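Please treat every number below as a calculation from the coordinates, not as lab data. Note that the structure is predicted; figures quoted are calculated from it, not measured. So basically every Cβ, Gly included, is an ideal-geometry build from the backbone, and we count neighbours across all protein chains shown.
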Amino acid sequence: MSQLTKGQIEFLTKSIKEGKPIPEDYKYILFPPDKKEYELVYANKDREEDILANTMAVPLQKVKTFGNNGKDWTNLLIFGDNLQILKTIYEDDDPVIKGKVKGKIRLIYIDPPFATRQEFRGSQDQKAYQDKLAGAQFLEFLRKRLIFLREILADDGSIYIHLDQKKGHYIKALMDEIMGENNFLNEVIWYYRRWNIASNLFARNHDNLLFYAKKSGNHTFNNLYIPKSEKSSGQGRTWKSVFDKNGKRHSVLLKEESKGVPMPDTWELSIINPVGLERKLVGYPTQKPEALIERIIKASSNEGDLVMDCFAGSGTTMAVAEKLGRRWIGVDCGKLAIYTMQKRLLNLKDEKKKTIKCKPFTLYNAGLYDYQKIKELPWEQYRKFALQLFQCRDSKHSISGIELDGFLGRDDVMVFNYLEHKDVSLDREFIDDLHKHIGKKIGKRFFIIVPSASVRFLEDYIDKGTTKYFILRIPYSIIEEIHNRGFASIKQPVNETDVNDTVESVGFDFIQIPDIECNYYLDKPKETDLLNQKVKECVIKIKAFESKIISRKPLEFKNLETLSMVMLDYDHDGKVFDIDEVFYAEKLQPDYEVRFDSAKVKEQIMIIYVDIFGNEKKETKKLSDFKKKK
């Protein structure tokens with residue numbers, strides 16, 4: 001501990017006696033970090049130990065497997081906050097991934113939001129996205145994730161971070177702390193020919209990629225080469241003159257150079273295919289070109305290796321990994337990103353436009369759960385899922401003949417067996433009876449995980465003597481008093497500029513299908529095509545949209561206020577939602593009308609209404625459901 005002054009000691013003593021919080025500045029005085037030659041210091045920078053210990057994990061809930069799953073492994077597409085998901089991988093206890101992911105990821109590529117508080121625009125001046133975090137808040141947001149990524153990376157693995165010039169130098173300093181300066185390998189400059197003219201500075205035409213190994217010298221790396229021009233001597237081969245022992249001159253082919261020029265650390269767009277066509281086909285702002293990711297994956301992994309992208313966005317990393325025969329994990333907190341990736345992976349094509357059949361992959365929820373599916377689990381799976389949900393350690397034990405299921409910290413936990421006790425409710429008499437049997441043998445807190453429908457009182461806990469019996473309801477938000485943190489859910493964007501919003505979630509929530517009321521009709525286009533007067537538009541008039549949020553504190557929203565977006569599949573096959581178009585809520589104002597050419601509708605369309613909390617309302621319609629406007 002650092003030496004405290006007399007005044008500091010008096011201040012701390014008084015604060016503790018009065019129960020007042022200790023100022024943030026005292027954290028490093030009382031608990032100084034390990035001495036480093038230098039480090040980046042900024043506001044609210046947590047210790048690595050606290051980040052690893054205090055981050056909340058969330059269990060993985062299977063939604064759907066695409067393709068025939070006949071093997072032990074399917075690739076993973078996960079919807080949720082990547083920080084909580086990384087903690088789940090780090091703990092290595094979830095049955096979905098236990099023993100399969102932690103320490104086995106050969107390559108990590110991430111393209112995090114650049115946190116510039118700038119609005120980015122596309123080639124035709126359309127809005128692309130706007131980052132929401134800046135300064136120290138962004139640095140800590142990313143640092144938390146980088147710490148976990150280091151922990152789950154294979155010993156011979158590598159990580160690439162895609163950044164721009166505004167934050168690259170800060171992240172370089174952080175990565176030197178996290179990974180070790182001796183494990184820095186390259187800063188790759190991706191140069192793209194965007195001929196923008198600036199009046200008071202040089203044109204900005206590049207991004208930066210930081211390349212680190214888990215353990216330098218032990219990392220997987222395949223040398224890449226740029227083929228020599230056909231015009232060069234020997235068509236890309238290099239010859240050297242040598243003399244034998246008799247002094248006779250010979251020309252020797254240097255085979256090691258015949259592959260071309262070794263790949264430099266500057267990559268030009270003229271070499272890497274342009275992104276415009278890919279972006280138009282996929283339809284996601286900020287996506288990166290496949291050729292760029294292909295270089296990274298070829299260089300730092302081999303066939304069969306596991307590749308991860310936890311800011312997956314449009315799914316370029318997963319698409320390229322699939323084409324190159326790698327296994328993959330993709331994570332994103334946006335519903336639009338998840339449906340975009342789902343469509344992209346199920347419609348892969350090679351350079352000759354030939355269809356590529358994607359290997360099986362499974363979509364998981366992590367943090368937003370379908371309670372009905374939880375209830376349908378066999379008892380033992382339900383029990384384990386319930387323990388994971390509330391961060392409890394699975395450890396069966398008994399006290400006075402009563403079977404218990406685990407611990408939350410040092411405190412005992414019971415998972416209420418609602419299947420075995422179908423006619424028994426968790427009421428005050430149940431607590432009284434439980435306390436009579438074990439009250440003298442437990443601590444000050446005891447936890448019972450139970451379906452909310454089985455509880456017959458409203459309180460979060462019941463006091464019995466010196467013990468509080470806490471009730472952890474499913475579905476319900478976690479009691480903040482226990483975990484000492486404020487709970488927030490992932491928020492979905494209401495416009496395209498917010499598609500990469502970096503708001504963190506804490507804890508978990510349960511799917512609550514919104515209530516919606518719409519009219520469906522045919523109408524003349526608002527912008528009439530004089531050459532084609534017969535064109536009709538399908539109109540979805542959204543009259544009412546209300547989210548159902550379970551919360552102890554009443555939440556009141558105005559009508560339509562929680563609508564995030566409407567997504568459409570114009571040719572729905574009845575099995576897989578294949579997104580064709582998205583309409584953001586902000587663009588639908590003030591009339592809240594979704595309009596599209598009636599000719600786009602095939603047999604049937606699927607409509608998905610998404611609220612800002614990630615909940616969905618799905619429905620299918622045929623063209624005949626759209627009546628002529630009266």
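Numbers below:
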quantity	calculated
Equivalent ellipsoid semi-axes, segment 512-628, via Cα gyration tensor eigenvalues times 5, rooted, Å	28, 17, 11
Percent of C-alpha pairs per 10 Å bin, segment 378-483, short to long	14, 54, 32, 1
Only Lys, Arg (+1) and Asp, Glu (-1) charged, at Cβ; segment 512-628 dipole about Cα centre in debye	340 debye
Sorted by Cβ neighbour density within 10 Å, fewest at the top, the residues GLU303, GLU177	GLU303, GLU177
R0 of 45 Å, Cβ-Cβ distance TYR520-ASN222: FRET efficiency to nearest 0.05	0.25
